[in-house]
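Visitor: Please read through the structure below; I'll follow up with questions.
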Amino acid sequence: MLSRTANSLFWLFRYTERADFIARILDATVRLAALPTSYGERNEWESALEAAGSAEIFREHYGAVTEDTVRDFLAFSPHNPSSIRSCLERARTNARAVRTALTLEMWETINGAWLELKKYRNADMSREDFARFLEWVKSVSLDFDGSAYRTMLRNDAYYFTRLGVSIERADNTARILDVKYHVLLPPTERVGGSLDYFQWTTILREVQAHTAYHWVYRESVKPWLVADLLILNKQMPRSLACCYESLVRHLDLVADLYGRRGPAQRHASDCAARLSAMRIEEVFGRGLHQWVTEFIIDNNKLGSAIADQYLT
Amino acid sequence: MAAFDEMDGGQGPDACRAAYGKLKRWLATTPRDVFDARRSQAELFFRRIGITFAVYGDAETTERLIPFDIIPRVITRDEWGRVEAGLTQRVKALNLFLADLYGPQTALAAGIVPPELILRNEHYRLEMQGVAVPHGIYCHIAGIDLVRVDEDTFYVLEDNARTPSGVSYMLENREVMMRLFPELFAQHRVAPVENYPDALLATLRSVAPNTGKKDPTVALLTPGQYNSAYYEHSFLADQLGVELVEASDLVVREDRVYMRTTEGPKRVDVLYRRIDDDFLDPLAFRPDSVLGVPGLFGAYQAGNITLANAVGTGIADDKAVYTYMPEIIRFFLGEEPILKNVPTWRCRDEEALKYVLDHLSELVVKEVNGSGGYGMLVGPHATKEQLETFRRKLKHDPSGFIAQPTLALSTCPTFVASGVAPRHVDLRPFVLSGADGVRVVPGGLTRVALKEGSLVVNSSQGGGTKDTWVLDG
């Protein structure tokens with residue numbers, strides 16, 4: 001297939017996955033911010049910016065960090081390349097560029113979303129409207145990924161879509177773990193206290209892992225077990241280990257099809273092997289924030305390796 | 001001027017030509033709200049599949065839908081038989097004429113067409129002189145615009161021999177009609193158009209360079225997604241099962257053309273290009289073209305790739321050359337033209353110019369190099385200032401214009417705000433020429449002028465489209 005086509009498919013899926021992620025961050029932030037202020041001064045909206053990795057661009061275009069400005073910036077701003085609006089628009093641009101590589105169902109989903117998106121404006125949105133908007137964004141990503149899963153031929157085009165989803169999701173899971181780091185506990189709160197508990201629970205809910213957590217650990221929510229679930233547990237579809245299992249599998253399928261392996265395959269299997277051999281104590285020993293930061297950098301390197309090998 | 005109505009035959013609202021019998025009953029008996037519901041379903045369908053076009057110079061809406069009318073236009077098999085024979089004849093002559101122009105130029109020597117009209121024409125490509133194109137075919141895909149004026153007469157309005165567009169509408173219009181009105185298709189024997197992509201692919205494969213390769217690789221070259229016809233490009237690539245490439249996807253090495261793929265470079269044998277000659281190759285033509293592929297023309301001259309259509313076919317759809325088509329058909333085929341030209345005054349002739357200037361308010365004046373309904377004067381509908389502007393233009397550059405009588409384009413029943421009313425239509429059938437012969441799919445794109453009395457059917461000027469039915473029996 002054309003390199004440009006593979007590139008567009010890869011990014012099309014990264015952008016729809018990212019739109020879903022930003023919607024989840026916003027959802028989580030609304031929930032965290034709803035805690036009574038008797039728990040002390042906190043900064044959930046600041047942490048949402050940090051987790052989305054776009055605090056710098058925010059400061060170029062907005063003043064105070066408030067619910068309204070962050071909501072506008074993360075959901076609707078054309079200045080923010082990762083706002084939900086930008087993601088869906090870029091996804092649609094990529095989809096249009098590779099219209100022929102998509103099934104009709106996929107095209108209708110993304111094109112329909114792009115048309116629908118025009119109806120939403122931050123200015124006239126109540127909290128309730130905004131919550132409905134976020135639900136809609138999540139359903140778009142779900143429909144789109146579902147239509148791809150159900151209708152695409154299982155050939156190299158499909159493999160590149162899976163690579164896009166997995167690499168983006170790994171990045172996003174790492175960032176959502178980091179949200180907790182950025183939500184500073186007020187000095188009066190102790191680690192393991194009720195606010196701490198609420199924050200970790202919210203993170204689990206946002207990645208639809210709350211029930212899974214109880215099935216797997218059969219314990220009350222503990223930070224290291226949440227991290228274990230989201231980093232090392234291969235049964236958990238959002239976990240880094242699971243994302244890397246998928247990356248290795250689909251890179252191998254591409255290599256088998258083309259009869260050639262390269263740096264991308266080696267990089268992915270090295271990382272997957274490290275995740276397999278690791279114990280969660282090592283992550284906390286290093287410091288969760290430090291570990292996550294290094295992971296995100298390494299994950300980006302894999303993205304570049306895939307681009308060099310196939311997408312240009 | 002009374003126009004020929006294709007439903008009532010010009011015999012008044014109660015009359016009905018046989019071919020329209022069932023359709024007329026259907027129009028009379030179906031409740032209005034059913035039609036309204038079907039129309040909005042059709043619009044939803046087109047919007048969802050993204051069949052849009054861009055209007056140049058319109059920044060507000062970069063993508064727009066062409067209005068679709070749900071009442072089909074009907075042509076009988078007998079009528080179509082004559083049209084098809086005429087189209088085949090005309091396109092054969094066009095191809096022979098082009099091969100002659102870029103070869104021995106016998107038609108010029110014999111005085112069939114004035115040499116200065118060709119050799120000084122901006123669409124004549126000196127670079128193509130003496131280039132042997134694969135299988136001697138230049139115009140692989142032609143869109144011949146026809147207008148009907150009475151029971152028996154279809155005129156050729158213009159020949160589109162460069163990169164004619166609109167065939168995706170022919171196909172999608174049929175698709176949406178079959179979804180919305182299965183009962184109508186059960187009552188009529190409508191000749192299918194769905195095999196057009198297969199016919200196009202067979203045509204393109206038949207003209208691959210003679211390299212002995214069994215399975216030539218075809219690709220469709222588009223200027224990209226901001227081109228007004230991008231939807232059509234992607235739609236056709238999909239239907240053909242070929243790669244849709246942009247210039248940046250192609251690379252030329254040692255006069256061979258390759259696509260950049262995830263598995264490395266892959267050789268291309270036939271390029272169905274939807275980019276104008278000027279932009280094809282910055283090394284050979286416009287140096288500022290970013291849409292083109294450096295070295296493509298060199299590969300073409302070396303005979304390593306087929307371009308469809310060939311470079312330089314614009315000379316054949318030039319509106320001044322058009323006026324010589326009857327002579328061209330007689331010269332190359334020794335036959336009388338089956339389809340007539342619209343009577344045309346060539347303003348380059350002094351007498352014709354005088355007549356045109358004296359009768360400006362009755363005539364349609366066209367720029368020889370214009371397209372898409374731009375730069376056109378419709379005398380009977382023009383204001384005084386517009387007439388004066390054209391009078392000055394004509395005197396300044398007579399050879400840049402032709403003039404034709406204001407034709408009474410036939411009308412077809414069409415849905416408009418006030419109900420069903422006659423509106424003027426034209427027809428663009430698509431003619432394919434391969435090494436293995438000429439193929440014409442029965443039907444084509446019917447364009448309809450939605451404004452009452454308007455004769456301008458171009459989509460850029462408020463025209464719509466209809467499904468076109470060639471009926472068997």
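Visitor: Which GluC sites (Glu not before Pro) from segment B:210-303 combine a DSSP loop assignment with at most 15 other Cβ atoms within 10 Å?
Guide: Here the GluC sites (Glu not before Pro) that fit, given the DSSP loop and packing criteria, are B:Glu254, B:Glu263.
Visitor: Follow-up. Suppose only helical runs count, i.e. DSSP H with n ≥ 4. What mean residue ellipticity at 222 nm does that imply for chain B under -39500 (n - 2.57) per run, divided by all residues and rounded to the nearest 500 deg cm²/dmol?
Guide: -9000 deg cm²/dmol, from helical runs alone.
Visitor: Amide H neighbours of B:Arg267 under 5 Å, counting only residues 5+ apart in sequence or on other chains, H built in-plane at 1.01 Å?
Guide: Here B:Met259 satisfy the definition.
Visitor: Here is a further query. For peptide B:241-248, compute the average count of partner chain beta-carbon atoms within 10 Å of each residue's beta-carbon.
Guide: Mean shielding by partner chains, rounded to a whole number: 3.
Visitor: Based on alpha-carbon centroids, what's the gap between segment B:15-37 and segment B:413-464 in Å, whole number please?
Guide: So the separation of the two Cα centres works out to 20 Å.
Visitor: Among A:Gln309, A:Ala23, A:Asn111, which residue has its Cα furthest toward the positive end of the charge dipole of chain A, with +1 on Lys/Arg Cβ and -1 on Asp/Glu Cβ?
Guide: Farthest towards the positive pole: A:Gln309.
Visitor: What ranking do A:His210, B:His424, B:His396 get, fewest neighbouring Cβ atoms within 10 angstrom at the top?
Guide: Ranked by crowding around the Cβ, least crowded first: B:His396, A:His210, B:His424.
Visitor: Take the alpha carbon atoms of segment A:208-243, find their center, do the same for segment B:341-402, and report the distance between the two centers in whole angstrom.
Guide: After rounding, the separation between the Cα centres reads 77 Å.
Visitor: Let me make sure I get this right: for chain B, a, b and c are the square roots of the gyration tensor eigenvalues over alpha carbons, sorted descending. Under 1.5 in a/c it's rounded, otherwise prolate if a/b > b/c, else oblate. Which is it?
Guide: oblate
Visitor: Follow-up question, since we're still on this one. Answer rounded, prolate or oblate for segment B:98-149, using the Cα gyration tensor with square roots of eigenvalues a ≥ b ≥ c: rounded when a/c is under 1.5, else prolate when a/b is larger than b/c, else oblate.
Guide: In terms of gyration-tensor shape, oblate.
Visitor: Between A:Ser139 and A:Lys301, what is the spin-label point distance in nm, taking each point 7 Å from the Cα along the Cα→C-beta axis?
Guide: 4.3
Visitor: State to the nearest 20 debye the size of the charge dipole of the protein assembly as shown about its Cα centre, where the only charges are +1 on K and R beta carbons and -1 on D and E beta carbons.
Guide: 1120
Visitor: Which is farthest toward the positive dipole end of chain B among B:Leu96, B:Asn309, B:Ser418, measuring Cα position about the Cα centre, with Cβ charges +1 (Lys, Arg) and -1 (Asp, Glu)?
Guide: Result: B:Ser418, furthest along the dipole toward the positive end.
Visitor: Shielding of A:100-112 by partners, i.e. mean partner chain Cβ atoms within 10 Å per residue?
Guide: Counting other chains' Cβ atoms within 10 Å and averaging over A:100-112 gives 3.
Visitor: Now a separate question. Roughly how big is segment A:70-166's charge dipole about its Cα centre, with Cβ charges of +1 (Lys, Arg) and -1 (Asp, Glu), in debye to the nearest 20?
Guide: Value, rounded to 20: 180 debye.
Visitor: Relative contact order of chain A, please, whole-number percent, based on alpha carbon pairs below 8 angstrom and at least 6 residues apart.
Guide: 24
Visitor: Normalised by the residues of chain B, what does the relative contact order come to in percent, with Cα pairs under 8 Å and at least six apart?
Guide: In percent, rounded to a whole number, it is 23.
Visitor: Now a separate question. So, by mean Cβ neighbours within 10 angstrom, what's the order for B:201-209, B:283-291 with the highest one leading?
Guide: The densest-packed peptide leads the list: B:201-209, B:283-291.
Visitor: Sticking with this one: About the Cα centre, and with charges only on the beta carbon of Lys, Arg (+1) and Asp, Glu (-1), how big is the dipole of chain B? Nearest 20 debye, please.
Guide: 440
Visitor: I've got another one for you. Looking at the square roots a ≥ b ≥ c of the eigenvalues of the Cα gyration tensor of segment B:343-405, which shape do they give, rounded for a/c under 1.5, prolate if a/b is larger than b/c, or oblate?
Guide: It is rounded, given that a/c, with a ≥ b ≥ c, falls under 1.5.
Visitor: Mind checking the mean number of beta-carbon atoms from other chains within 10 Å of the Cβ atoms in B:257-264?
Guide: Counting other chains' Cβ atoms within 10 Å and averaging over B:257-264 gives 6.
Visitor: Taking only the Cα atoms of segment A:3-311, how large is their convex hull per residue, in Å³?
Guide: So the per-residue hull volume is 134 Å³.
Values quoted throughout were computed directly from the atomic coordinates according to the rules given, and no laboratory measurement underlies them. All values reported here derive from a predicted model rather than from experimental measurement. Cβ coordinates were reconstructed from backbone atoms using ideal geometry, including for glycine residues, and neighbour counts include every protein chain displayed.
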